[in-house]
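Participant: Before anything else, here's the structure in question.
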Amino acid sequence: MKILVCISKTPDTTAKIAFTQNNTKFASDGVQWIINPYDEWYALVRAIELKEKDPSTAVHLITVGGADMEPIIRKALAIGGDEAIRVNAESHDPFYIASQIAAIARQGTYDLIFTGKETIDYNGSAIGGMVAELLDLPYISLATKFDLNGTTATVIRETEGGEETDEASLPLVVSCQKGVAEQRIPNMKGIMGARTKPLKVVEPAAAETLTSIVSFELPPAKAGVQLVAADNPAELIRLLHEEARVF
Amino acid sequence: MSVLIFIDHSEGQIKKASLEALSYGAAVAAQLGTTAEGIILGTVNTDLATLGKYGIKKIHQAADKALDALDAQVYAKLIADTATQSGATVLVFSNNFNGKAVAPRVAVRLKAGLVTGAVALPDTSNGFVVKKNVFSGKAFGHIGLTSPVKVISLNPNSYAIKEGEGAAEIVTLSVTPPAAKVKVTAATQATGEVPLTEAELVVSGGRGLKGPENWGMIEELAKVLGAATACSRPVADAHWRPHHEHVGQTGIAIAPNLYIAIGISGAIQHLAGVNRSKVIVVINKDPEAPFFKAADYGIVGDAFEVVPKMIEAVKKLKGIA
Ligand SMILES: Cc1cc2nc3c(=O)[nH]c(=O)nc-3n(C[C@H](O)[C@H](O)[C@H](O)COP(=O)(O)OP(=O)(O)OC[C@H]3O[C@@H](n4cnc5c(N)ncnc54)[C@H](O)[C@@H]3O)c2cc1C
Ligand SMILES: Nc1ncnc2c1ncn2[C@@H]1O[C@H](COP(=O)(O)O)[C@@H](O)[C@H]1O
């Protein structure tokens, strides 16, 4: 079996969010980059677990990004996976990125493609569905549990205020979130091993870009908190009712 | 040219997020000088013609029970084919669970630019630019769409439902659904509770509550307010609360009218999921807790003393015995 795991990078979750060049560029100076948590903690780890159960499984990682993606993809390889592919292109258009992933997936004939739920910087939650459509495969989004029995996958996905159990045959695209696996910390052996794992760099396939970021904007600052005395919660409820009018 | 809005439903009910999408789609249509139409797959207990009051002229329906369960692939084909047949140039989804499954596929089928997480009407003064949530609620991005067809996925609780007058014409979808490849074998719905993503009021607890046995007062405050409950990540990680209640950068992002945070410190990753709430109330015994900086109202005090009094005050206000 062959699994393709989609890996992206995001600023560290504590990074200061600011913009430069007249609010058109993210101010990346001094920003620490990490593997997008959903890709690292859930998609990647679940793929590794499937390989641990069935050692004949091959786990390939793919990223669409520039050379600055290399330390991130190496870190992902240190957690697990056999080899990585980097498509040498930078874009924030989901259609363009998905087209690149689909092109690689077509060449590799994968049984399973895992993505994270969303990137925590651009919050698209779109790549998995787009890749599935480009490959004409079924797509199960926002999975909280993934099990495999032969070539049949049983997946639990989150719905509004509930969940749903789905069954589908491979090949399949699944976007992963909390519940699918538990975060793993790379160990020394993994880190050493990752240095020699193949990391292939390929040039992008021709694909259209359908969206572009025009500018960014920070939300307006809060006016400041209005404190109510601890012995008078009734006053807080009155303010919420009469001043804020939220109920 | 028209605007086509996807109407999502579960258990026979149209989701509130879809009423927001309908209102939004009608406003987009008005802005473009065209009409708004809806598409619904499966069956509901609502008289669909009444959806006209949200500004919808026509609703395409495939009243096939087999379509009550979502298969993203089947849905995408039906929606995209309908869009092409009806000449839709803008499609609107809610950026909820089903919307996230379907909108990206539809966008690919139509070679349409996609913006998910939209929070405002498009700016059409110079091109077509949609404001969306980025950096997990810490900023907004203005995204330009250059393709002839555009797909917008609207964040829940970002656009107010607007009701007017009117009835929609119901037309039966003339396309046959392909066979579903995903089989839904079970579905559970927490009954009687307000789903977190649709909730206007949310009461949330953190590690300051010490243990799951102390959640009774959180649930009661939520109940008297008609609110949903949420929690911080360590609370879900420790299994004090179910994981679907976990809000934040790595949980779900919400934007209710009121978010009451009790015994939560206000770490940056937590704020990322809740800072688009219209009003934030913080109850924390530590006056230095970072959450107070993001709050509109607060009480510096012990939750175990403050919350029971809040419950009493709400009961009194609402005349609940
Ligand atoms: C990559 C990453 C992603 C993360 N994602 C998330 C996320 O999505 N969501 C999330 O929530 N966290 C997330 N975190 C964790 C986050 O950094 C914090 O650790 C977490 O939010 C803290 O939870 P808490 O506020 O419940 O607990 P604590 O930080 O322990 O705070 C407890 C608070 O309760 C107060 N308190 C104690 N007793 C009382 C009392 N009797 N009455 C009133 N107040 C009291 C204390 O003063 C304190 O402020 C993430 C962390 C990382 C590194
Ligand atoms: N540039 C990229 N390269 C590889 N995978 C990506 C890239 N961007 C996003 N993904 C994958 O798609 C998922 C959803 O991303 P998004 O739709 O951008 O929120 C992520 O969690 C990743 O698994």
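Participant: Out of every Cα-Cα pair in chain B, what percent are more than 35 Å apart?
Facilitator: Values: 14086 of 51360 pairs.
Everything past 35 Å amounts to 27 percent.
Participant: Tabulate in residue order the Karplus-calculated ³J(HN,Hα) for the stretch A:17-23, using 6.51 cos²θ - 1.76 cosθ + 1.60 with θ = phi - 60°, rounded to whole Hz; enter x for Gly and Pro.
Facilitator: With coefficients 6.51, -1.76 and 1.60, one gets 9, 8, 10, 10, 6, 6, 6 Hz.
Participant: Using the Kirkwood radius over C-alpha pairs as Rh, can you work out the diffusion coefficient of chain A via Stokes-Einstein at 20 °C, viscosity 1.002 mPa s, in µm² per second? Don't jump to the answer; show the numbers that get you there.
Facilitator: Details: Rh = 19.9 Å.
The estimated diffusion coefficient comes to 108 µm²/s.
Participant: I'd like the Karplus ³J(HN,Hα) series for the stretch A:89-104: coefficients 6.51, -1.76, 1.60, θ = phi - 60°, whole numbers in Hz, and an x wherever there's a Gly or Pro.
Facilitator: Couplings: 7, 10, 7, 10, 8, x, 5, 5, 4, 4, 4, 5, 5, 5, 5, 5 Hz.
Participant: Something else about it: Counting only other residues whose beta carbon sits under 14 Å from that of B:G113, what net charge do I get with K and R as +1, D and E as -1? Intermediate values should be presented prior to the final figure.
Facilitator: Numbers: positive: B:R109, B:K111, B:K132, B:K150; negative: A:D93, A:E208.
Taking every Cβ under 14 Å from that of B:G113, the sum is +2.
Participant: Around B:D68, which amide H atoms from residues at least 5 apart in sequence, or from another chain, sit under 5 Å from its own amide H, with H modelled in the peptide plane?
Facilitator: B:T43
Participant: Taking all pairs of distinct Cα atoms, average 1/r, flip it, and tell me the Kirkwood hydrodynamic radius of the stretch B:2-172 in Å to one decimal place. Mind showing how you got there, number by number?
Facilitator: On the way: mean 1/r = 0.0640 Å⁻¹.
After inverting the mean inverse Cα-Cα distance, the result is 15.6 Å.
Participant: Pick from A:D166, A:D39, A:D82: which residue has the top mean-square fluctuation in a GNM of chain A where Cα pairs under 10 Å get a spring?
Facilitator: Comparing A:D166, A:D39, A:D82 in a Gaussian network model of chain A, the most mobile one is A:D166.
Participant: What's the tally of Lys pairs in the stretch B:196-318 whose alpha-carbon atoms lie under 15 angstrom apart, where the two lysines are 8 or more places apart or on different chains? The partial results should precede the final answer.
Facilitator: Working: B:K210/B:K285; B:K223/B:K309; B:K223/B:K315; B:K223/B:K316; B:K223/B:K318; B:K278/B:K293; B:K285/B:K293; B:K309/B:K318.
Eligible lysine pairs with Cα atoms under 15 Å apart amount to 8.
Participant: How much of the pair distance distribution for the stretch B:227-271 lies past 15 Å, counting alpha-carbon pairs only, in percent?
Facilitator: Working: 360 of 990 pairs.
More than 15 Å apart: 36 percent of the Cα pairs in the stretch B:227-271.
Participant: Subtracting the Cα-Cα distance from 0.36 nm times the residue separation, let me have the gained length for A:E90 to A:N22 in nm, one decimal. If you can, show how the numbers build up before the last one.
Facilitator: On the way: separation 68, 0.36 × 68 = 24.48 nm, distance 2.07 nm.
Taking 0.36 nm per residue and subtracting the Cα distance, the gain is 22.4 nm.
Participant: Along Cα→Cβ, 7 Å out, is where each label goes; now give me the distance between the ones at B:D237 and B:E305 in nm to one decimal.
Facilitator: 3.1 nm
Participant: Give the Rg/Rh ratio for the stretch B:210-321, taking Rg as the radius of gyration of the Cα atoms and Rh as the Kirkwood radius, to two decimals. Walk me through the intermediate numbers first.
Facilitator: Values: Rg = 13.4 Å, Rh = 14.2 Å.
For the stretch B:210-321, the value is 0.94.
Participant: Next up: Quick one: how many lysine pairs in chain A have C-alpha atoms under 20 angstrom apart, if they're 8 or more apart or on different chains?
Facilitator: Going through chain A pair by pair, I get 28.
Participant: Are there GluC sites (Glu not before Pro) in the stretch B:283-321 that DSSP marks as loop and that have at most 12 other Cβ atoms within 10 Å, and which are they?
Facilitator: On the way: sites: B:E288, B:E305, B:E312; in loops: B:E288.
Hits after loop and neighbour filter: B:E288.
Participant: Quickly estimate the mean residue ellipticity at 222 nm for the protein assembly as shown, helices only: each DSSP H run with n ≥ 4 gives -39500 (n - 2.57), and the total goes over all residues, rounded to 500. Please report the intermediate quantities before stating the final value.
Facilitator: Details: 13 runs with 139 residues, N = 568.
Here the helix-only value at 222 nm equals -7500 deg cm²/dmol.
Participant: Sort out for me the Cα centre separation of the stretch A:1-78 from the stretch B:1-73, rounded to whole Å.
Facilitator: 37 Å
Participant: What FRET efficiency do you get for B:K65 and A:D231 if R0 is 60 Å and r is their Cβ-Cβ distance, rounded to the nearest 0.05?
Facilitator: Working: r = 57 Å, r/R0 = 0.95.
That gives a FRET efficiency of 0.55.
Participant: Also: If I model the stretch A:84-198 as equal point scatterers sitting on the Cα atoms and use the Debye formula, what is log10 I(q)/I(0) at q = 0.12, 0.15, 0.16 Å⁻¹?
Facilitator: -0.50, -0.78, -0.88
Participant: Additional query: I'd like the Karplus ³J(HN,Hα) series for the stretch B:254-270: coefficients 6.51, -1.76, 1.60, θ = phi - 60°, whole numbers in Hz, and an x wherever there's a Gly or Pro.
Facilitator: Whole-Hz 3J(HN,Hα) from phi for the stretch B:254-270: 10, 9, x, 6, 9, 10, 9, 9, 10, x, 10, 6, x, 4, 4, 6, 6.
Participant: If Lys and Arg each add +1 and Asp and Glu each add -1, what is the summed charge of the other residues whose beta carbon sits under 9 Å from the beta carbon of B:G263? Mind showing how you got there, number by number?
Facilitator: On the way: positive: B:R207, B:K210, B:K285; negative: none.
Value of the local net charge: +3.
Participant: With labels modelled as points extended 7 Å from the Cα through the Cβ direction, what inter-label distance (nm, one decimal) is found for B:I320 paired with A:R245?
Facilitator: The modelled label-to-label distance comes out at 2.3 nm.
Participant: While we're looking at this one, here's another question. Between B:E288 and B:V175, what is the label-to-label distance in nm when each label sits 7 Å out along the Cα-to-Cβ direction?
Facilitator: 6.0 nm
Participant: Could you tell me the relative contact order of chain B? Use alpha-carbon pairs under 8 Å, at least six residues apart, and round to a whole percent. It would help to have the intermediate numbers written out before the result.
Facilitator: Details: 696 pairs, mean separation 46.5, N = 321.
It rounds to 14 percent for chain B.
Participant: How big is the Rg/Rh ratio for the stretch B:168-242, C-alpha atoms only, Rh by Kirkwood, two decimals?
Facilitator: Numbers: Rg = 19.2 Å, Rh = 15.6 Å.
Ratio of gyration radius to Kirkwood radius: 1.23.
Participant: Residues in the stretch B:6-22, backbone N under 17 Å from the label point at B:T43 (7 Å along the Cα-to-beta-carbon vector): list them, ranges by number please.
Facilitator: Under 17 Å, as judged by backbone N against the label point of B:T43, lie B:9-14 of the stretch B:6-22.
Participant: Report, by chain and number, residues whose modeled amide H sits under 5 Å from the one on B:V90, excluding near sequence neighbours (fewer than 5 apart, same chain).
Facilitator: Those lying under 5 Å, H to H, from B:V90 are B:S2, B:L4, B:K150.
Participant: Where is the GNM fluctuation largest for chain A (alpha-carbon springs, 10 angstrom cutoff): A:I101, A:I213, A:I85?
Facilitator: Evaluated over chain A, the most mobile residue of the options is A:I213.
Participant: Around B:I59, which amide H atoms from residues at least 5 apart in sequence, or from another chain, sit under 5 Å from its own amide H, with H modelled in the peptide plane?
Facilitator: B:G38, B:E169, B:I170, B:V171
Participant: Let me ask something else about it. At a Förster radius of 51 Å, what calculated FRET efficiency corresponds to the Cβ-Cβ distance of A:A221 and A:A67, to the nearest 0.05? Mind showing how you got there, number by number?
Facilitator: Values: r = 37 Å, r/R0 = 0.72.
After rounding to 0.05, the efficiency reads 0.90.
Participant: Cα centroids of the stretch A:86-129 and the stretch B:302-321: how far apart, whole angstrom?
Facilitator: What the calculation gives is 49 Å, centre to centre.
Participant: Whole Å is fine, so just give me how far the alpha carbon centre of the stretch A:151-201 lies from that of the stretch B:221-259.
Facilitator: If we compute the Cα centre of each part, the gap is 24 Å.
Participant: Could you work out which residue, out of B:G206, B:G226, B:G33, moves most in a Gaussian network model of chain B, that is, has the largest mean-square fluctuation with Cα springs under 10 Å?
Facilitator: Maximum among the listed residues: B:G33.
Participant: So what are the radius of gyration and Dmax for the Cα set of the protein assembly as shown, in Å?
Facilitator: Reported Rg and Dmax, both Å: 23.4, 70.
Participant: Then there's this: Give me B:I320, B:I143, B:I5, A:I73 ranked fewest to most by other Cβ atoms within 10 Å of their Cβ, as a rough exposure proxy. Let's see the in-between values first.
Facilitator: On the way: B:I320 11, B:I143 27, B:I5 32, A:I73 24.
The order, fewest Cβ neighbours first, is B:I320, A:I73, B:I143, B:I5.
Participant: Identify all lysines with a Cα-Cα distance to B:K57 below 23 Å; exclude those on the same chain that are fewer than 8 residues away in sequence.
Facilitator: The reachable lysines, counting only those whose Cα sits under 23 Å from B:K57, are B:K15, B:K16, B:K77, B:K150, B:K162.
Values in this text are rule-based calculations from the coordinates and carry no lab data. Everything numeric in this text was worked out from a predicted model, so none of it was measured. For neighbour counting, all protein chains shown are included, and Cβ atoms are generated from backbone atoms with ideal geometry for every residue, glycine included.
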